[in-house]
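The values are calculated or read from the model by the stated rules, or taken from the named source; none is laboratory data. Just so we're clear, the structure is a prediction, and the values are computed from it rather than from any experiment. Don't worry about glycine lacking a Cβ; one is built from the backbone with ideal geometry, like all the others, and counts go over all protein chains shown.
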Amino acid sequence: MEQAARALESALQRLHIPFDATRFQWQGIVPVQYKEHPGDARGLGWRGVTRYTLGRPPYIDARFALRYFEIAPDGYSSLEKHAHVHLIVVVRGRGRALVGARVLELKPLDIVYVPPHTPHRWLNPYSEPFGFLCPTDAERDKPQPLSDEEWNTLKVNAETEPYVF
């Protein structure tokens, strides 16, 4: 009975995770520097990205993860593709997204949908942090590098070429 009471108390505490606006961080969620390296394959390097993950034990529910990514000024994510979709919601600052053959300017509360197997990259060319929520399945496929054909198609497109590196 005591174990059940502790489990119930633990679950109730996870129903609400307060947000500290002065630190722009959820209480009890530890940020992780995310893949700060040049990458193992062409285009898969990251710079200036921090990730906060709400999901998986001991948080909320093991079937999904609510991730918050924050990209520092001049930072970027990898140029990748994968089978799972992205649906991101911008919550802080401004940024850019390369999605397929388009480059999108993003601001708070914009939503971006990235279909499966679509090349994409998140970038912050601005002087303030760029942050977005990215809910996803907890179990998902790993990012894949672009094929030579996909890479070359983006390199010859004047709109996307500056973001293909």
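Some notes on this structure:
- Applying the criterion of at least 2 residues that are of a type outside the set (K, R) and within 20 Å of R47 (Cα to Cα) to the strands (runs of 3 or more DSSP E) found wholly in region 80-165 leaves 86-92, 95-99, 102-106, 120-123, 130-137.
- Pairing residues of region 100-129 that are surrounded by fewer than 14 Cβ atoms within 10 Å (Cβ to Cβ) with residues that are of a type in the set (S, T, Y), at Cβ distances under 7 Å and at least 6 apart in sequence or on separate chains, gives A101/T160.
- Residue within region 42-65 that is at pLDDT 90 or above, in a loop (DSSP other than H, G, I, E, B) and within 24 Å of I17 (Cβ to Cβ) present: no
- Pair list, Cβ under 9 Å, 6 or more apart: region 136-165 residue touching a residue at least 24 places away in the same chain (Cβ under 8 Å) and of a type in the set (F, W, Y), other residue surrounded by 12 or more Cβ atoms within 10 Å (Cβ to Cβ) and in a helix (DSSP H, G or I): Y163/L154
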